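What follows is one structure encoded as structure tokens, with my remarks underneath.
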Number of protein chains: 2
Amino acid sequence: MGIEIEKKFLVIAQPADLSRGVNICQGYLLNTPEKVVRVRIKGEKGVLTIKGLPVELVRPEYEYEIPVTDARQMLDRFCDGKLIEKCRHTCLHQSMTWVIDRFSGANQGLVVAEIELTAPDQPFSIPPWAGPEVTDDPRYLNANLIQNPYTLWQADK
Amino acid sequence: MGIEIEKKFLVIAQPADLSRGVNICQGYLLNTPEKVVRVRIKGEKGVLTIKGLPVELVRPEYEYEIPVTDARQMLDRFCDGKLIEKCRHTCLHQSMTWVIDRFSGANQGLVVAEIELTAPDQPFSIPPWAGPEVTDDPRYLNANLIQNPYTLWQADK
């Protein structure tokens, strides 16, 4: 279990000093506000994650490494072809680590950056490559990008 | 993944030579015909199991040992108090192993025995302590005993 205080921004310019990316493919066995069961392939690893509703900023989260072949089978069998694909980089800005997700597949074109804070009022500096904050915009939740991917919003414009 | 060919019978008399029992408490994060995500505490171990729909007798099943403290928390947080509690014994009959589940809690009074076969036509002997076969009666599925426990059917009689 961990405290999850995250701030999320769109990325509007190319950040410098990106780490080498790791490919992530994930899908959901269960995806409700109360409970999430997520299967992920991250690089060469399989990961199974169960999350509950946040209680006073602490979101119950249980994460287990599983064989990548199991993860592949579960993504193929249980996720109705609805998958999130992205390449994850990290980037240091003023000694704090930002996680940058560059989406592909149905969310091609979307690039978001997240920083994790240890307290809601922890100060942090917004990098020059960061655009609008979207922390509170539910469309940018991975769980929602599955159902309503970014390329569809763009097509609607 | 494994082939699952099981025969299930009610137990109507005390089997001899029961193994020492192990207590099982289990609940479901997800419980649909297509997908099951089950959390179980079996003795001192936590187990997370994901099952899919059987395809030609083979039911996809993925099982992982997890910390028992995680399993306890997930049963408490995610299962709405709906739990299956039972004590599991094994018993040899004519060189084949039967699994005997003696339920407690909301399913108190129910005792079932299961034998796993390796082929649908594999011969086996029905022990003298076994009563009616209930293999095809969905009420006896653990997933259904959660929603409609045995003591409620007895009360309806």
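What follows is calculated from the coordinates using simple rules that are stated; it is not laboratory data. Being a predicted model, the structure only gives us computed values, none of them experimental. Neighbour counts are summed over all protein chains in view; Cβ atoms, including those assigned to glycine, are modelled from backbone coordinates with ideal geometry.
Going 7 Å from Cα along the Cα-Cβ axis for the label, what nanometre distances separate A:Gln154 from the same residue across the other copies?
Sorted ascending, the copy-to-copy spacings read 6.2 nm.
Using a label position 7 Å from Cα in the Cα→Cβ direction, what is the ascending list of nm distances from A:Gly105 to the same site in the other copies?
3.5
Can you give the relative contact order of region B:2-156 as a percent, counting alpha carbon pairs under 8 Å and 6+ residues apart?
Dividing the mean separation by the residue count of region B:2-156 yields 29 percent.
What residue among B:Glu85, B:Glu34, B:Glu65 shows peak mean-square fluctuation when chain B is described by a Gaussian network model with Cα springs under 10 Å?
Fluctuation is largest for B:Glu34.
Quick one: A:Leu92, B:Leu145, fewest Cβ neighbours within 10 Å first, how do they rank? Before the final figure, lay out the partial values.
Numbers: A:Leu92 14, B:Leu145 22.
Sorted ascending by nearby Cβ count, the order is A:Leu92, B:Leu145.
Enter the angle in degrees (range 0 to 90, nearest 10) between the Cα long axis of helix A:68-78 and the first principal axis of the Cα atoms of chain A, meaning the one along which they spread out most.
On a 0 to 90 degree scale, this one is about 80.
Return the sequence-ordered ³J(HN,Hα) values of region A:119-135 in whole Hz as given by the Karplus equation 6.51 cos²θ - 1.76 cosθ + 1.60 applied to θ = phi - 60°, using x for Gly and Pro.
After applying 6.51 cos²θ - 1.76 cosθ + 1.60, I find 8, x, 9, 5, x, 8, 9, 7, x, x, 7, 8, x, x, 6, 10, 3 Hz.
Taking N as the number of residues in region A:92-157, what is its alpha-carbon radius of gyration divided by 2.2 N^0.38 Å? Provide the component values of the computation, followed by the final result.
Values: Rg = 13.5 Å, N = 66, 2.2 N^0.38 = 10.8 Å.
Taking N as the residue count of region A:92-157, the ratio is 1.25.
For region B:2-156, divide the Cα radius of gyration by the Kirkwood radius and give the resulting Rg/Rh value with two decimals.
Rg/Rh for region B:2-156 comes to 0.95.
Using amide H atoms built in the peptide plane, which far-off residues or other-chain residues are under 5 Å from B:Leu110 H to H?
B:Phe103
Using a label point 7 Å beyond Cα on the Cα-Cβ vector, give me the inter-copy distances for A:Pro33 in nanometres, one decimal, shortest first.
Copy-to-copy label distances for A:Pro33: 2.9 nm.
Rounded to the nearest 0.05, what FRET efficiency is calculated for A:Tyr64 and B:Gln154 with R0 set to 41 Å and r the Cβ-Cβ distance? Each step should come with its number before you reach the end.
Numbers: r = 39 Å, r/R0 = 0.94.
Calculated value: 0.60.
Taking 2.2 N^0.38 Å as the expected size of a compact globular protein, what ratio does the Cα radius of gyration of the protein assembly as shown give against it, to two decimals? Write down the numbers at each step before the final one.
On the way: Rg = 24.1 Å, N = 314, 2.2 N^0.38 = 19.6 Å.
After normalising by residue count via 2.2 N^0.38 Å, the value is 1.23.
Of the residues A:Ile126, A:Ile115, A:Ile50, which exhibits the maximal mean-square fluctuation in a Gaussian network model of chain A defined by a 10 Å Cα contact cut-off?
A:Ile126
For region A:31-108, what value does the Rg/Rh ratio take when both radii are computed over Cα atoms and Rh is the Kirkwood radius, given to two decimals?
1.01
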